[in-house]
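Remarks on the structure that follows.
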Amino acid sequence: MNAIMSRWIDDSRLMGIVFLAPATLYIVLLVGLPFVTALLFSVSTATVGDASFNYVGLRNFANVWQTPAFRDALVNTFSFTVVAQICTIILANILAQLLTTPLPQRRSGRIGMWIARMLLILPWATPLSLSVVGWLWMFDSKYSPIDYIFRELALLGPGTVWGPANNLIWLGKPLLAKASIIFVHVWRMTPLATVILMAGLSSIPTDLLDQAEVDGSRYFRTLFQVKLPLIMPIMLISLLFGFIFTFGDLTVVYILTRGGPITHTLTLPMYSFLVGIDGGNLAQGAAVSLFIFPVLLLVAVVLLRTASRAEIR
């Protein structure tokens, strides 16, 4: 018996299968089965009242594509994701540079850096639904503390440059509602991107930085010609995570605007929920959700290939 166990343990192929089995089972049960179910629903007439499978081909996809609300959701999803990720990667680079800057070896400096890093990670560590409810109050049309600060700074109210209104109605005006959604996405994703970039910056050999300093390279030249090229593959991976999380996010839009006003902040996940769950049309809801898959797959392939090419060997 012991000899058999020893032979199994020494078999690298068998051990690989054993260790990968739990992760594979997890992916199959929680990702694979729902995905296959969505595929079956999308080519059927399934509804909440009748989940029977009646094959209709690609009719649901054609009907969804012809819906103006779907096209608005598609444009909004892309615009929110692209703008949010541009802002996120810029802020993350700035914060990562600041938080990896060597400080004087004082106890107060180390404690201050520790506190700064702890505060940075809080938006990512806080449950998303709870944090977005907090932002819902921050953007309240009557009691918004942001509007209060603007009024105290004489930027909002009678006789000010922003008009006589005492409140901006953040979630009721199309442009402000879009800006609010993007801002929350940036606030949410910046900590994760910063931590990833900090890891990348910390892995840069100090010999290269010392050599650049000896050669007379100033801060910005070192940043753009040494640091950023070296962490480019890691930056692209961070961008990939941010794109996937933002593109497929439902919570932020659902809690803040439900896609309103009208369809100005409607996104594909939100539209899929409204059609498939609230509207009871499981088939068309599944069809809407499946439009997300090829987009994310294409983005993942492009970014991963770019990261592989950018890697310095």
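The values are calculated or read from the model by the stated rules, or taken from the named source; none is laboratory data. In this text, all values refer to a predicted model and were calculated from it rather than measured experimentally. We place every Cβ from the backbone using ideal geometry, glycine too, and count neighbours over all the protein chains shown. The accessibility values were calculated without ligands, DNA or RNA, using every heavy atom of the protein model including side chains. Shrake-Rupley method; radii C 1.70, N 1.55, O 1.52, S 1.80 Å.
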Given segment 53-165, what helices (runs of 4 or more DSSP H) lie entirely inside it while holding 1 or more residues that are within 30 Å of residue 219 (Cβ to Cβ) and either within 28 Å of the chain's Cα centre (by Cα) or at pLDDT 85 or above (or both)? 68-99, 107-125
Looking at segment 154-179, which of its residues are under 17 Å from residue 135 (Cβ atoms) and aliphatic (A, V, I, L, M)? 168, 169, 171, 176, 177, 179
Of (1) under 23 Å from the mean Cα position of the chain (by Cα); (2) more than 22 Å from residue 98 (Cα to Cα); (3) in a helix (DSSP H, G or I), residue 283 satisfies all except one. Which? (1)
Take segment 41-67 and flag every residue that is open to solvent by 30 Å² or more (accessible area, probe 1.4 Å) and either in contact (Cβ under 8 Å) with a residue 40 or more places away in the chain or among the basic types (Lys, Arg) (or both). 41, 45, 47, 48, 49, 51, 56, 59, 61, 63
Residues in segment 263-273: is at least one at pLDDT 90 or above and surrounded by fewer than 16 Cβ atoms within 10 Å (Cβ to Cβ)? no
Here are 272, 238, 289: which of them is outside any loop (DSSP other than H, G, I, E, B), free of Cβ contacts under 8 Å to residues at least 60 places away in the same chain, of a type in the set (Gly, Ala, Ser) and within 23 Å of residue 129 (Cα to Cα)? 272
Those helices (runs of 4 or more DSSP H) lying entirely in segment 172-224 with at least 3 residues within 20 Å of residue 123 (Cα to Cα) and not acidic (Asp, Glu): 174-202
Would you mind telling me which numbered condition in (1) more than 29 Å from residue 123 (Cα to Cα); (2) open to solvent by less than 50 Å² (accessible area, probe 1.4 Å) residue 309 fails? (2)
Residues in segment 262-313 that are more than 30 Å from residue 176 (Cβ to Cβ) and among the hydroxyl-bearing types (Ser, Thr, Tyr): how many? 2
Selection count where residues are of a type in the set (A, V, I, L, M, F, W, C), modelled with pLDDT under 80 and exposed (fewer than 10 other Cβ atoms within 10 Å of the Cβ), scope segment 4-40: 2
Is there any pair linking a residue in segment 175-195 that is closer than 16 Å to residue 250 by Cα to one that is surrounded by fewer than 19 Cβ atoms within 10 Å (Cβ to Cβ) and of a type in the set (A, V, I, L, M), with Cβ under 6 Å and at least six apart or on different chains, and which? 182/83
Does residue 124 fit the bill of being touching a Lys or Arg at 6+ places or on another chain (Cβ under 9 Å), open to solvent by 70 Å² or more (accessible area, probe 1.4 Å) and of a type outside the set (Ser, Thr, Tyr)? yes
